[in-house]
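The values are calculated or read from the model by the stated rules, or taken from the named source; none is laboratory data. Keep in mind that what you see is a predicted model, and the values were worked out from it rather than measured. Reconstructed Cβ throughout: ideal geometry from the backbone, glycine too, with neighbour counts over all protein chains shown.
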Amino acid sequence: MILVIADDLTGAAEIAGIGLRYGLKVRVCTEIIQEVTEDLLVISADTRSLTENQAVAKVEYLIKSSQQYKPSLIYKKIDSVLRGHVLAEIKAIQQVFSKKNCLIIPTNPSMGRKIQDGKYYVGDKLAHETAFAHDPEFPIQDSEVINMLRAKPTDQVRVLAQPILPLQGIIIAEVAQKEDLTKWASQWAKIDLLVGGAEFFASILSNLGYNLVEKIFSPQQTALDCLYVSGTTFSDSVEKIQNHARHKGGVCYLPHELVRQPIDSEEFNQSLNRWESEIIQCFSQHKVVIIAVKKQLDTTQITPAELAKLMAKVVKKVLNQVHLAEILIEGGATSAAILAEIPLQNFLPTEEFAQGVIRMQSLERPSTYLTLKPGSYAWPQAVTYAQL
């Protein structure tokens, strides 16, 4: 069995989709489970929304507890642009297992994310020149990958363009194209700790002898109610939803007063109930209802985690009133907050519509399916509900 610890839920789903792509039986969970019969277990640690100390403690707990599964391979999934407490979590795993060397390949070259000359590029732009510079939790202000990791000289982190044996310390590989990825992945057996993004994991599976299988999509029942939850601040998604609201309706924005009111106060609960009623009423006219955050909303008085919590609270209330066959969620923090609030912890991935866009069946609510994607990814045409 292969074990993957992911730093957020959409990252966990992305890895699960790759497992499906290679014909593996896959389980995704947000907590340690007692019995695993699948080939690939992906655990979402949701550490990106925690403090560094909390993240380290969570990873240590998951790594130690998961040894009951006796995994043949452990992979640490991180954000493709190195957001989060990447280095601290790596050190925690190294300490638990006394792992001496570590290879980090976060890039997804097929999506234009690459490392060249020690710098991170998204397409033809440096990472700090893109929308990632405005990330609410981990804004990228420097595209030197050593600095993106917040590494100190004592951390002994090196950036290498070629595998130089023996591989020692913590290594970040320069990967700009698929051939680079294949070259580095062929060295996987010489590495104590493998850390990276989705495409590095796919390349490792290929090196392990797994073969790609044909994609089969289940037909989506557009006659059934679907809730589309957008917790992302990426401009492309925000603008598409605004345009949809102007021309077709069916969008219920987070009320501005909820941001100012103390959570669980009487005023807050009244505002939340009004928002819930608005969403339920919207389902009488639309099969797909969108809840989102307005671009103009002043979020300076609320943290991203608190904002995700607000979205989660209303989703739970709506789910108790409306049978939702499908829930679409964009944004890792939003996804984790919603599943924790309901709560849902155990999933069987069923389809990979595109890299990072995964449909999963909830084992706690088998009639409800969730399709997750990172906020910075686009919805593919196969997800008919999300075409705005």
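In the stretch 106-119, which residues are under 12 Å from Ala173 (Cβ atoms) and either in contact with a strand residue (DSSP E or B) (Cβ under 8 Å, 6 or more places away or on another chain) or not assigned by TED's automatic domain parsing to the domain that holds Ile90 (or both)?
Pro106, Thr107, Lys114, Ile115, Gly118
Can you tell me which residue within the stretch 345-359, out of those that are under 19 Å from Thr47 (Cβ atoms) and part of a loop (DSSP other than H, G, I, E, B), is nearest to the chain's Cα centre (by Cα)?
By that ranking, first place goes to Gly356.
For the stretch 248-295, give me the residue count where each residue is among the aliphatic types (A, V, I, L, M), out of contact with any strand residue (DSSP E or B) (no Cβ under 7 Å at 6 or more places or on another chain) and part of a helix (DSSP H, G or I).
4
Quick check on my filter: what residues within the stretch 145-165 are among the β-branched types (Val, Ile, Thr) and either under 26 Å from the mean Cα position of the chain (by Cα) or assigned to a helix (DSSP H, G or I) (or both)?
Listed by number, the residues that qualify are Val145, Ile146, Thr154, Val157, Val159.
Yes or no: Gln67 modelled with pLDDT of 95 or more and surrounded by fewer than 24 Cβ atoms within 10 Å (Cβ to Cβ)?
So Gln67 does not fit the description; no.
Which is at pLDDT 90 or above, surrounded by 22 or more Cβ atoms within 10 Å (Cβ to Cβ) and in a loop (DSSP other than H, G, I, E, B), of Val175, Val229, Val195?
Val175
Please specify each residue of the stretch 1-39 satisfying the condition of being of a type in the set (Ser, Thr, Tyr) and touching a Leu at 6+ places or on another chain (Cβ under 9 Å).
Result: Thr10, Tyr22, Thr30.
Filter the stretch 205-226 for residues that are in a loop (DSSP other than H, G, I, E, B), in contact with a strand residue (DSSP E or B) (Cβ under 7 Å, 6 or more places away or on another chain) and hydrophobic (A, V, I, L, M, F, W, C); which is modelled with the highest pLDDT?
Ranking the candidates gives Leu224 first.
Quick test for you: out of Ser44, Ser65, pick the one residue that is among the small types (Gly, Ala, Ser) and over 22 Å from Glu364 (Cα atoms).
Criteria check complete, one pass: Ser65.
How do the pairs read when you match residues in the stretch 124-145 that are in contact (Cβ under 8 Å) with a residue 40 or more places away in the chain with residues anywhere that are of a type in the set (Val, Ile, Thr) and surrounded by fewer than 16 Cβ atoms within 10 Å (Cβ to Cβ), using Cβ under 9 Å and keeping only pairs 6 or more apart or on different chains?
Taking only residues 6 or more apart or on different chains, the pairs are Pro136/Thr303; Glu137/Thr303.
Residue by residue, here is whether (1) surrounded by 20 or more Cβ atoms within 10 Å (Cβ to Cβ); (2) part of a loop (DSSP other than H, G, I, E, B); (3) in contact (Cβ under 8 Å) with a residue 24 or more places away in the chain holds:
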{"site": "Thr10", "(1), (2), (3)": "yes, no, yes"}
{"site": "Arg27", "(1), (2), (3)": "yes, no, yes"}
{"site": "Leu41", "(1), (2), (3)": "yes, no, yes"}
{"site": "Asp46", "(1), (2), (3)": "yes, yes, yes"}
{"site": "Gln54", "(1), (2), (3)": "no, no, no"}
{"site": "Ile63", "(1), (2), (3)": "yes, no, yes"}
{"site": "Leu82", "(1), (2), (3)": "yes, yes, yes"}
{"site": "Ile90", "(1), (2), (3)": "yes, no, yes"}
